[in-house]
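Each remark here refers to the structure printed beneath this line.
The values are calculated or read from the model by the stated rules, or taken from the named source; none is laboratory data. Computed from a prediction, not measured in an experiment: that's the story for all the values here. All Cβ positions, glycine included, derive from the backbone under ideal geometry; neighbour counts span all protein chains shown.
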Amino acid sequence: MRFFKLIRDSESDSNANMCKIIGAEGLNEYTFFDSLPDSVYAEYDTSDGVSFSDYVTANLPLFIITSKFKSLFEKFTVQEILYIPIKAIEKNIRTETILYVANIKTVLDALDLSKSMYSYFKYGSDKQYLSVIKYGLKRSIVKDHRIFRLKDGVLDTIFVREDIKEAIIKEKITGCDFVEVRT
């Protein structure tokens with residue numbers, strides 16, 4: 001079984017909008033959350049693009065998706081993802097649409113540094129941060145999970161099994177790219 005890092009591809013769809021998440025100043029993208037305050041919404045400008053990619057580009061590292069992408073995931077991973085609706089409001093004409101923050105509930109301690117390419121860097125203080133260039137995962141932990149995040153990873157660092165990747169391609173879900181990971 002092969003696994004892939006799911007990457008937001010905002011380059012391939014030049015007509016896609018970018019959302020700015022408003023009211024989320026206290027939101028920590030490293031922590032799982034199960035709801036959003038009503039004051040949090042996404043704002044977009046149709047002069048920047050005519051539609052959304054199915055994997056929506058945003059100013060925060062959140063996994064924001066369209067209802068089309070949500071429907072595909074529901075076929076495979078109903079129990080592994082919590083879908084949190086978020087209003088997307090057009091900046092000028094104030095029309096609304098609903099997008100979803102897809103929170104991956106499966107979090108695994110599966111990073112295998114012996115199979116990864118990585119480095120450490122300092123930012124500000126003396127604390128070192130891990131920067132992974134190429135991921136390696138522990139096969140004994142990822143087993144047959146269809147979609148998951150890594151422990152202590154950001155919410156939009158998502159890994160999918162090959163069958164999910166193939167379904168995304170087959171259904172022409174936009175805004176996605178994939179990098180195979182070592183297991």
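I'm told Lys172 meets every condition in (1) closer than 17 Å to Asp54 by Cα; (2) in contact with a Leu (Cβ under 9 Å, 6 or more places away or on another chain); (3) loosely packed, with under 15 Cβ neighbours inside 10 Å; (4) not aliphatic (A, V, I, L, M) except one. Can you identify the failing condition by its number?
All conditions pass for Lys172, except number (2).
Against the condition touching a residue at least 12 places away in the same chain (Cβ under 8 Å) and farther than 20 Å from Ser71 by Cα, how does Arg139 come out, does it pass?
The answer is yes for Arg139.
Select from region 134-183 the residues that are basic (Lys, Arg) and on the phi > 0 side of the Ramachandran plot and write down the one among them that is nearest to the chain's Cα centre (by Cα).
So, considering only residues that are basic (Lys, Arg) and on the phi > 0 side of the Ramachandran plot, the one nearest to the chain's Cα centre (by Cα) is Lys172.
Take the residues in region 42-65 that are crowded, with 16+ Cβ neighbours inside 10 Å and among the small types (Gly, Ala, Ser), then tell me which one is farthest from Phe148 (Cα to Cα).
Checked region 42-65; the qualifying residue farthest from Phe148 (Cα to Cα) is Gly49.
Restrict the check to region 124-143 and report whether at least one residue is part of a loop (DSSP other than H, G, I, E, B), of a type in the set (Gly, Ala, Ser) and closer than 19 Å to Phe3 by Cα. Can you show your working first?
Going through region 124-143, the residues part of a loop (DSSP other than H, G, I, E, B) turn out to be 124-127, 135, 138, 143.
Remaining after also requiring of a type in the set (Gly, Ala, Ser): 124-125.
Still in the list and also closer than 19 Å to Phe3 by Cα: none.
Checked region 124-143: no residue is part of a loop (DSSP other than H, G, I, E, B), of a type in the set (Gly, Ala, Ser) and closer than 19 Å to Phe3 by Cα.
I'm told Ser12 meets every condition in (1) surrounded by fewer than 15 Cβ atoms within 10 Å (Cβ to Cβ); (2) small (Gly, Ala, Ser); (3) touching a Lys or Arg at 6+ places or on another chain (Cβ under 9 Å) except one. Can you identify the failing condition by its number?
Among (1) surrounded by fewer than 15 Cβ atoms within 10 Å (Cβ to Cβ); (2) small (Gly, Ala, Ser); (3) touching a Lys or Arg at 6+ places or on another chain (Cβ under 9 Å), Ser12 violates only (3).
In region 149-158, is there at least one residue being among the aliphatic types (A, V, I, L, M), closer than 29 Å to Ser35 by Cβ, in a loop (DSSP other than H, G, I, E, B) and in contact with a helix residue (DSSP H, G or I) (Cβ under 9 Å, 6 or more places away or on another chain)?
no
Please list, ordered by first then second residue, the pairs with beta carbon atoms under 9 Å, 6 or more apart or interchain, first in region 24-40 and at pLDDT below 75 and of a type in the set (Val, Ile, Thr), second part of a loop (DSSP other than H, G, I, E, B) and exposed (fewer than 14 other Cβ atoms within 10 Å of the Cβ).
Taking only residues 6 or more apart or on different chains, not a single pair turns up.
For region 73-123, how many residues meet the condition of being surrounded by 14 or more Cβ atoms within 10 Å (Cβ to Cβ), polar (S, T, N, Q) and farther than 23 Å from Ser39 by Cα?
Qualifying residue count for the region: 3.
Looking for whichever is in contact with a strand residue (DSSP E or B) (Cβ under 6 Å, 6 or more places away or on another chain) and under 17 Å from Ile168 (Cβ atoms) here; the options are Ile89, Ile84, Ile98, Ile65. Which one fits?
Values: Ile89 fails: under 17 Å from Ile168 (Cβ atoms); Ile84 fails: under 17 Å from Ile168 (Cβ atoms); Ile98 fails: under 17 Å from Ile168 (Cβ atoms).
Only one candidate qualifies: Ile65.
So which residues in region 53-94 are touching a Phe, Trp or Tyr at 6+ places or on another chain (Cβ under 6 Å) and basic (Lys, Arg), if there are any at all?
Lys70, Lys87 - these are the residues of region 53-94 that are touching a Phe, Trp or Tyr at 6+ places or on another chain (Cβ under 6 Å) and basic (Lys, Arg).
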